[in-house]
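Working notes for the structure below.
The values are calculated or read from the model by the stated rules, or taken from the named source; none is laboratory data. Just so you know, these numbers come straight off a predicted model, no measurement behind them. Neighbour counts are summed over all protein chains in view; Cβ atoms, including those assigned to glycine, are modelled from backbone coordinates with ideal geometry.
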Amino acid sequence: MSNIPHSENQPPEQESSGSVEVPANRTTLFDRRSEDESAPPETVAAAKEIDFDSPDLYLNRELTWLAFNSRVLNMADEPGTPLLERVKFLAIISNNLDEFFMKRIGGLKQQVAAGVRVPTIDGRTPAEQIAVCQERVREIHKEQNRILRKVLGQLAQQGIRIVKYRSLTEEQKKDLRSDFIENIFPLLTPLAMDPGHPFPFISNLALNLLVTLRHKGGSGSHIARVKVPVTKGIAPRFIHVDDDYTFVALDDVVANNMDLLFPGMEIESCELFRVTRNAIVETDEEEADDLLVMIESELRHRHFAPIVRLQITKGMSTTHRGMLAAELGLDEDNDVYEVEEIMGMRDLFEIAFLDIPELQDPPHKPIDHTRLAHDSRNIFHIIRERGSLLFQYPYESFSTSVERFLRTASVDPKVLAIKMTLYRTSAEGGIIDSLVQASRNGKQVAVLIELKARFDEAANIGWARRLEQAGIHVTYGVVGLKTHSKVILVVRRDYNKLRRYAHIGTGNYHSGTARLYSDLGMLTCDDDIAQDLTELFNYLTGYSPPPTYRKILAAPYTLKKSLLKKIEREQALHSERSPGLIQFKMNALEDIDITRALYKAAHAGVKIDLIVRDTCRMRSGIPGISENVRIISVVGRFLEHARIYFFHNGGNEEYYIGSADLMTRNLESRVEVVAPVDDVKLRQELRLILDVQLSSKKHVWTMQPDGSYVQKTDFAETETAMSSQSTFIQLAQKRKTAAAKHRQSKLRAKLLTYFHKRVLNEN
């Protein structure tokens with residue numbers, strides 16, 4: 001919430017519209033048939049009876065996610081992106097693709113192995129999805145390499161070089177060899193491969209050298225495997241040469257000092273390879289006696305999970321390539337990927353985080369919320385007296401809002417109980433410390449920790465044990481469901497009355513991601529929401545039946561049904577006098593029922609604006625069907641992670657924020673919370689967010705009817721255009737200044753008017 005080479009090719013041609021069309025090999029989502037065979041969307045619209053289940057209406061989940069990564073890749077290709085930030089995006093893409101193979105390709109391969117041949121709504125079987133995804137990944141890799149070569153050249157111009165070992169001076173090699181002997185050699189364990197030494201275990205995502213060697217004067221060759229010991233804080237992937245910004249890859253150093261590992265042997269070749277294992281290893285929770293023990297077992301099994309991808313250096317001998325594929329149980333033609341440049345490009349984070357401010361984004365310091373900035377009173381008094389508060393991260397401070405809320409609760413003598421859900425968190429920031437402090441101060445503390453948060457399972461097990469040791473009541477959720485909601489409930493004795501205070505968020509309670517992800521959070525003492533959350537926690541921690549709620553929409557029981565009813569209501573209320581309008585901002589639109597309902601509403605005339613970060617099954621702009629649908633994707637400095645759901649509702653507008661994306665897993669197999677925003681001023685803040693992003697002219701991609709994306713660029717405003725994220729940074733500073741001058745309300749009104757006009761002009 002969870003992760004790129006720059007090309008020397010000519011830039012895309014400028015069209016009369018002022019848009020830049022992305023090459024097909026980067027963002028176009030192809031139909032399940034070839035382009036020539038694909039029925040144009042107009043064919044569907046022309047039918048007398050529209051089949052809203054037609055595969056032609058639905059894009060493939062996996063391909064749309066890969067298309068999103070192509071848009072992220074574009075950030076590494078943009079001249080306006082600071083150089084080290086471009087390196088960061090290269091690393092992000094590599095990390096994202098690693099996870100894609102571990103989770104998505106791994107899952108599809110399991111379906112194939114189980115004999116699943118049922119196509120998805122877009123008409124592809126699991127085997128067909130694997131094939132088209134593999135093709136698309138190779139296209140992305142090609143683009144990565146192009147961009148990487150360009151970025152490396154630009155880094156060199158700035159004095160930052162990643163060089164080959166063979167290009168070093170003899171003095172530099174001597175110094176590196178001494179460092180190798182002292183700090184790296186003790187970590188190496190060469191493993192022979194022969195009849196007496198079976199093929200060794202290859203760990204997930206580790207770098208390995210396949211070494212071919214022979215005895216001096218001998219005729220026969222031998223093969224060994226050496227794991228490259230990349231270890232954070234001990235053996236980095238990129239090693240400094242001298243005292244400047246010259247680096248050499250650790251695997252290159254190991255390969256060129258192999259004589260120390262095999263004294264008296266002749267080294268014929270050293271070839272780098274890397275494997276990716278399936279991360280989908282799940283057992284039956286209902287059969288488990290202890291969920292924590294079960295998750296620990298899953299982690300051990302994941303270590304030995306089947307391999308789904310083999311990466312090799314370009315030019316590896318065909319014999320060795322075939323041998324590795326056979327030993328690892330892979331299809332040599334489809335599961336093997338040649339790497340031209342840097343293998344394991346995610347390690348480029350080491351370069352991206354070099355302390356060179358002029359090559360990075362300008363530092364961003366979140367502001368304190370204007371209602372909290374100069375008010376040192378107890379935060380519960382502020383909420384009770386001034387009403388609900390809405391926070392937009394990372395533009396506003398997580399530390400002085402959520403963390404302040406919990407810190408205050410932990411020491412406030414009137415606070416009696418704290419209940420909280422934790423999906424991901426960190427040691428930094430003090431969330432865990434505040435909970436422990438609260439328990440020590442005699443407060444009742446109950447925390448639901450989701451042990452099945454993918455790739456954070458081990459960390460969450462550690463947090464669970466620490467909290468339990470502090471006397472905190474820790475639960476692991478409802479059997480069969482992941483708890484993905486972001487909620488805190490605090491019970492406090494206000495005067496002679498118990499009052500409940502709540503935080504509902506779109507992002508994790510993680511101070512690190514709060515600086516990198518764009519999210520929302522609301523603090524409130526709304527009685528109905530508080531009662532709803534009380535019942536939710538009783539359901540999560542006890543045996544209470546699924547509750548009915550006053551205000552919140554919660555998965556898996558009420559959220560999907562409620563959203564479908566609201567979409568249908570918008571369609572029913574739509575008229576020429578009062579046009580229907582639906583606006584959603586989310587990470588993903590994957591659920592078929594929701595997508596179908598949106599199609600029907602759009603066909604009936606309802607205008608639909610969707611701000612979708614990555615996966616999106618819906619096509620926009622299909623004549624006669626989705627002409628009223630606009631779908632954009634915002635990609636920038638921060639990862640877009642907030643969820644906003646807006647319904648015009650015949651003028652009685654509704655706004656919701658929460659943890660849920662419109663994916664079947666979120667709506668049917670997770671515990672999610674989406675809450676209404678009733679306060680007029682907070683609604684204005686949400687309106688501003690939607691209007692800013694819908695009217696932005698930079699770092700915005702607009703979907704075309706065929707599912708491809710076109711980057712929205714106004715060439716007349718190239719120098720002055722701001723991304724929505726840059727606009728939010730600027731607006732936060734303006735609000736801070738206006739608040740100091742007691743003019744915040746006036747500023748809010750001006751901003752709303754300005755951006756609303758821009759949205760209207762766009763349409």
Quiz item: Counting only residues that are in contact with an Asp or Glu (Cβ under 7 Å, 6 or more places away or on another chain) and surrounded by 17 or more Cβ atoms within 10 Å (Cβ to Cβ), which one in the stretch 515-550 is modelled with the lowest pLDDT?
Solution: P547
Practice problem: Count, please, the residues in the stretch 153-173 that happen to be out of contact with any His (no Cβ under 9 Å at 6 or more places or on another chain) and either in a helix (DSSP H, G or I) or polar (S, T, N, Q) (or both). | Solution: 12
Quiz item: Restricting attention to the stretch 580-637, which residues are in contact with a helix residue (DSSP H, G or I) (Cβ under 7 Å, 6 or more places away or on another chain) and aromatic (F, W, Y)?
Solution: Y599
Quiz item: For the stretch 106-123, does any single residue satisfy the condition of being closer than 30 Å to F247 by Cβ and in the same structural domain as S94 (by TED's automatic domain parsing)?
Solution: no
Quiz item: Which of (1) acidic (D, E); (2) outside the structural domain of E654 (by TED's automatic domain parsing); (3) modelled with pLDDT of 95 or more is the odd one out, the single condition E568 does not satisfy?
Solution: (2)
Quiz item: Before we move on, is A572 among the aliphatic types (A, V, I, L, M), surrounded by fewer than 16 Cβ atoms within 10 Å (Cβ to Cβ) and out of contact with any Gly (no Cβ under 7 Å at 6 or more places or on another chain)?
Solution: yes
Exercise. May I ask you to verify whether L348 is buried (at least 19 other Cβ atoms within 10 Å of the Cβ) and closer than 30 Å to Q725 by Cβ?
Key: yes
Practice problem: Could you check the stretch 418-536 for strands (runs of 3 or more DSSP E) lying wholly inside it with 2 or more residues that are farther than 23 Å from L389 by Cα? | Solution: 444-449, 473-475
Quiz item: Looking only at the stretch 571-595, which residues are more than 18 Å from M618 (Cβ to Cβ) and either outside the structural domain of Q693 (by TED's automatic domain parsing) or of a type in the set (S, T, Y) (or both)?
Solution: S575, S578
Practice problem: Could you tell me which numbered condition V490 fails, if it satisfies all but one of (1) modelled with pLDDT of 95 or more; (2) within 23 Å of F638 (Cα to Cα)? | Solution: (2)
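The rows are residues; the columns are (1) in contact with a helix residue (DSSP H, G or I) (Cβ under 9 Å, 6 or more places away or on another chain); (2) under 26 Å from D456 (Cβ atoms); (3) of a type outside the set (D, E, K, R); (4) surrounded by 19 or more Cβ atoms within 10 Å (Cβ to Cβ).
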position: R386; (1), (2), (3), (4): no, no, no, no
position: P394; (1), (2), (3), (4): yes, yes, yes, yes
position: S399; (1), (2), (3), (4): yes, yes, yes, no
position: A409; (1), (2), (3), (4): yes, yes, yes, yes
position: K419; (1), (2), (3), (4): yes, yes, no, yes
position: Y423; (1), (2), (3), (4): yes, yes, yes, yes
Quiz item: Of the residues in the stretch 662-701, how many are within 24 Å of L731 (Cα to Cα), among the β-branched types (V, I, T) and part of a strand (DSSP E or B)?
Solution: 1
Practice problem: Answer yes or no: is there a residue in the stretch 629-644 that is touching a Pro at 6+ places or on another chain (Cβ under 7 Å), at pLDDT 95 or above and among the polar types (S, T, N, Q). | Solution: no
